[in-house]
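A.B. asks: Here's a structure for you.
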Amino acid sequence: MTRSNSPALVLVHGAWHGPDIWTTLIGELPDIDVHNVRLSSSGNVVSQLGDLYADARTVRSAVERVDGPVIVAGASYGGAVITEALAGVDAVRRLIYINAFQLEIGQSILGACNGVPQEWWRVHDTEGYVDVVRGKEIFYNDVDAESAERANGALLLQSYASLVQPITQAAWHTIPSSYVIGERDAAIPVGSQEFMAGRAHRAWRLDAGHSPFLSRPAEMAAILREEMANALA
């Protein structure tokens, strides 16, 4: 598959992360036109953090700037963003949820967690942000030690609003979707992923934790390539 006969790929990172989390995976896709976005809900300055809807506008704008068909993949929280962002965008041929929140209209990230913050969240609701404890254990439990340490050191603050705001439109209602279930994920229980994957047209399973783009980049790239080929079939 070459750039001339494949769709573009837009990657949307998860909460507490930035676009650099995709670097290893992008290295496995040198022939693909990859676009990487930065969500404003993750950052180091609390006063500058955006929310779910700002993130959705960012993603929609990035997709609309791409010429031709597009596949959009969202990791974790990024799944909620692409769900909110892309309803009615005709260029999007497939949504791919990677250990991600494929939510229904009216749901929020917190709501999908039964309304209770995860025990590894550290909520600063007055200040308006959330940070995490045990990041290496939660996000990178199957990543090599050096990469896990580096990724953990790069974790950011996350806007509290982004985790409690409800989805107002669900792009997967009208755009075909696929779901990648990480069977060793310590952040989103496998049972919850399986439930959300029931909303998708196709489900994949990986013997991987929450960040297969770091721990299983070649396998993750192979899945994306197959999805991209099928999207134009």
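A.B. asks: Out of all the residues in the range 100-120, is one or more in a strand (DSSP E or B) and in contact (Cβ under 8 Å) with a residue 24 or more places away in the chain?
C.D. replies: No: the range 100-120 contains no residue that is in a strand (DSSP E or B) and in contact (Cβ under 8 Å) with a residue 24 or more places away in the chain.
Table: residues versus (1) over 22 Å from Trp22 (Cα atoms); (2) touching a residue at least 60 places away in the same chain (Cβ under 8 Å); (3) not basic (Lys, Arg).
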residue: Thr168; (1), (2), (3): yes, yes, yes
residue: His173; (1), (2), (3): yes, yes, yes
residue: Ser178; (1), (2), (3): no, yes, yes
residue: Ala186; (1), (2), (3): no, no, yes
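Residue-wise test of (1) over 19 Å from Phe213 (Cα atoms); (2) among the charged types (D, E, K, R).
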| position | (1), (2) |
| --- | --- |
| Leu11 | no, no |
| Gly14 | no, no |
| Ile21 | no, no |
| Pro30 | no, no |
| Asp51 | yes, yes |
| Gly68 | yes, no |
| Ala75 | no, no |
| Val89 | yes, no |
| Val92 | yes, no |
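A.B. asks: Could we say that Ser61 is at pLDDT 95 or above, surrounded by fewer than 20 Cβ atoms within 10 Å (Cβ to Cβ), within 22 Å of Ser6 (Cα to Cα) and not aliphatic (A, V, I, L, M) here?
C.D. replies: yes
A.B. asks: Same structure again: So which of Asn141, Asn152, Asn114 is at pLDDT below 95 and either surrounded by fewer than 22 Cβ atoms within 10 Å (Cβ to Cβ) or within 30 Å of Asn230 (Cβ to Cβ) (or both)? Lay out the reasoning, then the answer.
C.D. replies: On the way: Asn141 fails: at pLDDT below 95; Asn152 fails: at pLDDT below 95.
Matching residue, one of Asn141, Asn152, Asn114: Asn114.
A.B. asks: Would you pick out the residues in the range 46-64 that are touching a residue at least 40 places away in the same chain (Cβ under 8 Å) and not small (Gly, Ala, Ser)?
C.D. replies: Selection gives Val46, Leu49, Asp51, Leu52, Tyr53, Asp55, Val59, Val63.
A.B. asks: Is it the case that some residue within the range 162-178 is surrounded by 15 or more Cβ atoms within 10 Å (Cβ to Cβ), touching a Pro at 6+ places or on another chain (Cβ under 6 Å) and either of a type in the set (A, V, I, L, M) or modelled with pLDDT of 95 or more (or both)?
C.D. replies: no
A.B. asks: Next question. Those residues that are of a type in the set (Gly, Ala, Ser) and either open to solvent by 40 Å² or more (accessible area, probe 1.4 Å) or at pLDDT below 95 (or both), I need them from the range 1-39; list them, please.
C.D. replies: Hits for the range 1-39 are Ser4, Ser6, Gly27.
A.B. asks: Collect the residues in the range 31-43 that are part of a loop (DSSP other than H, G, I, E, B) and within 10 Å of Ser159 (Cα to Cα), keeping them in residue-number order.
C.D. replies: Of the residues in the range 31-43, the ones part of a loop (DSSP other than H, G, I, E, B) are 31-33, 37-41.
Scanning the range 31-43 gives Ser40, Ser41.
A.B. asks: What's the total number of residues in the range 200-233 that are part of a helix (DSSP H, G or I), of a type in the set (D, E, K, R) and open to solvent by 10 Å² or more (accessible area, probe 1.4 Å)?
C.D. replies: Of the residues in the range 200-233, 3 are part of a helix (DSSP H, G or I), of a type in the set (D, E, K, R) and open to solvent by 10 Å² or more (accessible area, probe 1.4 Å).
A.B. asks: Scanning for something under 20 Å from Ile26 (Cα atoms) and either open to solvent by less than 50 Å² (accessible area, probe 1.4 Å) or of a type in the set (Ser, Thr, Tyr) (or both), does the range 183-199 turn up at least one residue?
C.D. replies: Step one: list which residues in the range 183-199 are under 20 Å from Ile26 (Cα atoms), which gives none.
So far as the range 183-199 goes, no, none of its residues is under 20 Å from Ile26 (Cα atoms) and either open to solvent by less than 50 Å² (accessible area, probe 1.4 Å) or of a type in the set (Ser, Thr, Tyr) (or both).
The values are calculated or read from the model by the stated rules, or taken from the named source; none is laboratory data. Small disclaimer: the values here were computed from a predicted structure and weren't measured. Cβ coordinates were reconstructed from backbone atoms using ideal geometry, including for glycine residues, and neighbour counts include every protein chain displayed. The accessibility values were calculated without ligands, DNA or RNA, using every heavy atom of the protein model including side chains. Shrake-Rupley method; radii C 1.70, N 1.55, O 1.52, S 1.80 Å.
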